[in-house]
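Colleague: Structure incoming, see below.
The values are calculated or read from the model by the stated rules, or taken from the named source; none is laboratory data. Fair warning: this is a prediction, and the values are worked out from it, not measured in the lab. Quick reminder, even Gly has a Cβ in these numbers, built from the backbone with ideal geometry, and neighbours come from all protein chains shown.
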Amino acid sequence: MKKHFVLLVALVVALMVSALVTAQDDTTPYLGIGVDSADNGALITAIQPDSPAALAGLQEGDIITAVNDTDVSADNLAETIRGLAIGDTVTLSVLRDSDTVEIQAELAARPAPTEAPTLTFRFSRIDHIWV
């Protein structure tokens with residue numbers, strides 16, 4: 001029993017260290033949106049204030065269908081953005097109220113957290129994926 005407890009504590013510590021390292025990575029491009037799956041792209045469910053997405057005029061309810069003419073979904077949008085560089089200007093194809101608009105956004109460095117990251121266990125579905 002004690003052996004299992006030690007392994008559990010070690011796992012929790014490893015996850016917390018991983019979260020701290022990820023939170024401190026200022027080389028990852030950042031758009032500042034939360035997304036969920038949509039049939040034809042990534043549905044924007046949240047926008048962080050003063051983020052590149054907010055400055056570009058993206059709105060909750062917009063659906064990003066492409067980044068730089070490459071089709072995206074909620075599953076691959078974060079990977080697509082991570083493949084770019086801070087300072088890059090991206091062209092987002094966005095479905096808004098049944099019209100497709102092109103919006104340009106300049107990717108920024110992910111802001112430093114204002115407090116230490118916390119480890120939270122959730123057993124329900126993910127509300128949105130942050131990009």
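Colleague: Among V94, V131, which is the only one that is surrounded by 15 or more Cβ atoms within 10 Å (Cβ to Cβ) and either among the acidic types (D, E) or modelled with pLDDT under 95 (or both)? Talk me through it step by step, then tell me what you get.
Modeller: Numbers: V94 fails: either among the acidic types (D, E) or modelled with pLDDT under 95 (or both).
After applying the criteria, what remains is V131.
Colleague: Let me ask another. Scan the stretch 50-72 and tell me whether some residue there is more than 20 Å from W130 (Cβ to Cβ), out of contact with any Gly (no Cβ under 6 Å at 6 or more places or on another chain) and modelled with pLDDT under 95.
Modeller: No: the stretch 50-72 contains no residue that is more than 20 Å from W130 (Cβ to Cβ), out of contact with any Gly (no Cβ under 6 Å at 6 or more places or on another chain) and modelled with pLDDT under 95.
Colleague: Considering only the stretch 40-95, how many residues are farther than 13 Å from A108 by Cβ and in contact with a strand residue (DSSP E or B) (Cβ under 9 Å, 6 or more places away or on another chain)?
Modeller: 37
Colleague: The conditions are (1) without any contact (Cβ under 8 Å) to a residue 60 or more places away in the chain; (2) in contact with an Asp or Glu (Cβ under 9 Å, 6 or more places away or on another chain); (3) among the polar types (S, T, N, Q), and T70 fails exactly one of them. Which is it?
Modeller: All conditions pass for T70, except number (2).
Colleague: Taking the stretch 33-49 as the region of interest, how many residues are over 16 Å from R96 (Cα atoms) and at pLDDT 95 or above? Explain how you work it out, then say what you get.
Modeller: Within the stretch 33-49, the first condition is being over 16 Å from R96 (Cα atoms), and the residues that meet it are 34, 48-49.
Those still in the list that are at pLDDT 95 or above too: none.
Residues in the stretch 33-49 being over 16 Å from R96 (Cα atoms) and at pLDDT 95 or above: 0 in total.
Colleague: Then there is this: Could you list, in sequence order, the residues of the stretch 68-91 that are aliphatic (A, V, I, L, M) and loosely packed, with under 12 Cβ neighbours inside 10 Å? Lay out the reasoning, then the answer.
Modeller: Initially, the stretch 68-91 is screened for residues aliphatic (A, V, I, L, M), giving 72, 74, 77-78, 81, 84-86, 90.
Residue satisfying the conditions is A85 alone.
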